[in-house]
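Trainee: Pasting a structure below so you can have a look.
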Amino acid sequence: MRDDWLVGDRRAEAAERIYSAATDLIVRDGLDGFDMAALQAAVHCSRATIYRHVGGKAQIREAVLLRQAERIIATVRSAVVGLSGAERTVTAVVVALERIRADPIGQTLLSAMRKGELTWIGRSAVPPALAAELTGIDDDDPQAAQWIVRVVLALLFWPVEDPAAEREMLQRFLIQRP
């Protein structure tokens, strides 16, 4: 990476500018409507420059989703610091739901999932791994992590109107009592 005495790391700045424009386009047009020609116009550069800095359409979409997910995950991590057990699990799920629902990319992702465009998410090992980490579930219980992912997805698709009632449902039915 080349540092420029005037602007710093030009490659990182270019990638950030491309990702920012791609995020705006994905929010506006959806994941399937994301178009490389529109991105070229938005960032005022050639397709070759975009490919050189951030890759192709699939890599850009994945990177945009990952960048937004990292922000949500950071918020959840902060919310569960010092918590354990049932309170950590419920708090992680509630905060994740709040952040996904409030995030423009989260809304785009939900729309794509409703259309059946993101079926890979159910087969990916990433959501259960994050669920295990954020809720404090034992790594030796992959079914519990899968269950939490499915609960989150179900609540995203079919939200409970009252946040307090949603939390109460999570406390009652998500947490296994001895």
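The values are calculated or read from the model by the stated rules, or taken from the named source; none is laboratory data. Being a predicted model, the structure only gives us computed values, none of them experimental. Here the Cβ positions follow ideal geometry from the backbone for every residue, glycine too, while neighbour counts run over all protein chains shown. In case anyone asks, the SASA skips ligands and DNA or RNA and just uses the protein heavy atoms, side chains included. Shrake-Rupley method; radii C 1.70, N 1.55, O 1.52, S 1.80 Å.
Trainee: Would you rank Asp9, Asp141 by solvent-accessible area, highest first, keeping every protein chain in place and using a 1.4 Å probe? Write down the numbers at each step before the final one.
Mentor: Working: Asp9 40, Asp141 65 Å².
Descending accessible area places them as Asp141, Asp9.
Trainee: Which value in nm describes the separation of the simple spin-label points at Val81 and Arg167, placed 7 Å from the Cα toward the beta carbon?
Mentor: Here the modelled spin labels are 2.0 nm apart.
Trainee: With every protein chain kept in the model, how would you rank Tyr19, Tyr51 by accessible area, 1.4 Å probe, largest at the top?
Mentor: The most accessible residue leads, giving Tyr51, Tyr19.
Trainee: For segment 4-68, compute Rh as the Kirkwood radius over C-alpha pairs and then the Stokes-Einstein diffusion coefficient at 20 °C and 1.002 mPa s; write the answer in µm²/s, rounded to an integer. Present the calculation step by step, with values, prior to reporting the outcome.
Mentor: Working: Rh = 11.9 Å.
My calculation gives 180 µm²/s for D.
Trainee: Please report the carbon-and-sulfur percent of the accessible area for the chain; probe 1.4 Å, protein heavy atoms only, DNA, RNA and ligands left out.
Mentor: Working: 5900 of 10740 Å².
Of all accessible area on the chain, carbon and sulfur atoms account for 55 percent.
Trainee: Take every Cα pair under 8 Å in the chain that's 6+ residues apart, average their separations, divide by the length, and report that relative contact order as a whole percent.
Mentor: The normalised contact order for the chain reaches 19 percent.
Trainee: Here are labelled values, [x] -0.41, -0.65, -0.78; [y] -0.32, -0.56, -0.74; [z] -0.23, -0.44, -0.62, and one is the computed log10 I(q)/I(0) by the Debye sum over Cα atoms at q = 0.08, 0.11, 0.13 Å⁻¹ for what I pasted. Which one?
Mentor: Computed from the coordinates, log10 I(q)/I(0) by the Debye sum over Cα atoms at q = 0.08, 0.11, 0.13 Å⁻¹ corresponds to [y].
Trainee: Let me ask something else. Could you provide, to the nearest whole Å², the per residue accessible area of the chain with probe 1.4 Å? Please list the in-between numbers first.
Mentor: Numbers: 10740 Å² over 178 residues.
Here the per-residue accessible area is 60 Å².
Trainee: Something else now. On the full set of protein chains, 1.4 Å probe, figure out the accessible area of His44 and give it in Å² to the nearest 10.
Mentor: Accessible area, nearest 10 Å²: 150 Å².
Trainee: Which FRET efficiency value, to the nearest 0.05, do you get for Ser46 and Ala74 by plugging their Cβ-Cβ distance into 1/(1 + (r/R0)^6) with R0 = 30 Å? All intermediate terms of the calculation are to be shown ahead of the outcome.
Mentor: Details: r = 34 Å, r/R0 = 1.12.
Computed FRET efficiency for Ser46 and Ala74: 0.35.
Trainee: Moving on. Quick check: with the 1.4 Å probe, what order do Phe157, Phe173, Phe34 take by accessible area, largest first?
Mentor: Details: Phe157 80, Phe173 130, Phe34 0 Å².
The most accessible residue leads, giving Phe173, Phe157, Phe34.
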